[in-house]
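K.L.:
Structure incoming, see below.
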Amino acid sequence: MPNEFFTATTMLTLLGGSSAVLVVGNTFQSLTKKDPKWLAFAMSLALCFAGAIVAAGQRTPPEDAHFRLIDGLVALINGCLLFCTASGVNSASGQQRTGTVTQGTKSAEGSVSHVPVPGTRGWNTRWF
């Protein structure tokens, strides 16, 4: 078992990368009370392009160690996969953004009216 939570190696895996995107997105949301969708997408792309650039530099023979168009395409698709995974985990486990509040008026039957209002954004509020 590793001694670190995240390492460069673990962040270049689907589980590690999506966890990192989820943590950064949720932290941004908690601090700013804004949707982190674009930040999470940009981070997903950055992680995947960084991984593709590192992988391209490790090719042998050294004359093949350059970033190719196909590397960029694969990084783009992997970035989309990473973002979809992180946003799917957030949607499955996150809290709803809206709640209900009591208006304080009762109908003739005695029931109280409730209207949806925007809820406060917590650390694990859904992005979508």
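K.L.:
What is the fewest-to-most order of Leu22, Leu45 by other Cβ atoms lying within 10 Å of their Cβ? Please report the intermediate quantities before stating the final value.
P.N.:
Details: Leu22 23, Leu45 17.
With the fewest neighbours first, Leu22, Leu45 line up as Leu45, Leu22.
K.L.:
How about region 3-77: which chymotrypsin sites (Phe, Trp or Tyr not before Pro) there lie in a loop by DSSP and see at most 10 other Cβ atoms within 10 Å? Working shown, then result.
P.N.:
Values: sites: Phe5, Phe6, Phe28, Trp38, Phe41, Phe49, Phe67; in loops: Phe5, Phe6, Phe67.
Of the chymotrypsin sites (Phe, Trp or Tyr not before Pro), the ones in loops of region 3-77 whose Cβ has at most 10 other Cβ atoms within 10 Å are Phe5.
K.L.:
If you filter region 1-90 for trypsin sites (Lys or Arg not before Pro), then keep DSSP loop positions with at most 16 other Cβ within 10 Å, what is left? Working shown, then result.
P.N.:
Values: sites: Lys33, Lys34, Lys37, Arg59, Arg68; in loops: Lys33, Lys34, Arg59, Arg68.
Passing sites in region 1-90 are Lys33, Lys34, Arg59, Arg68.
K.L.:
Express in nm, to one decimal, how much length is gained between Val24 and Ser91 on full extension, taking 0.36 nm for each residue of separation and deducting their alpha carbon distance.
P.N.:
Length difference between fully extended and current span is 22.6 nm.
K.L.:
A further question follows. Rank these for me by crowding, Leu69, Leu14, Leu81, going from fewest to most other beta carbons within 10 Å. Don't jump to the answer; show the numbers that get you there.
P.N.:
Working: Leu69 7, Leu14 12, Leu81 15.
In increasing order of surrounding Cβ atoms, one gets Leu69, Leu14, Leu81.
None of the figures in this text is laboratory data; all of them are computed from the coordinates on show. The structure presented is a predicted model; accordingly, all values stated were derived computationally and were not measured. Ideal geometry is used to build each Cβ from the backbone, glycine not excepted, and the neighbour counts take in all protein chains shown.
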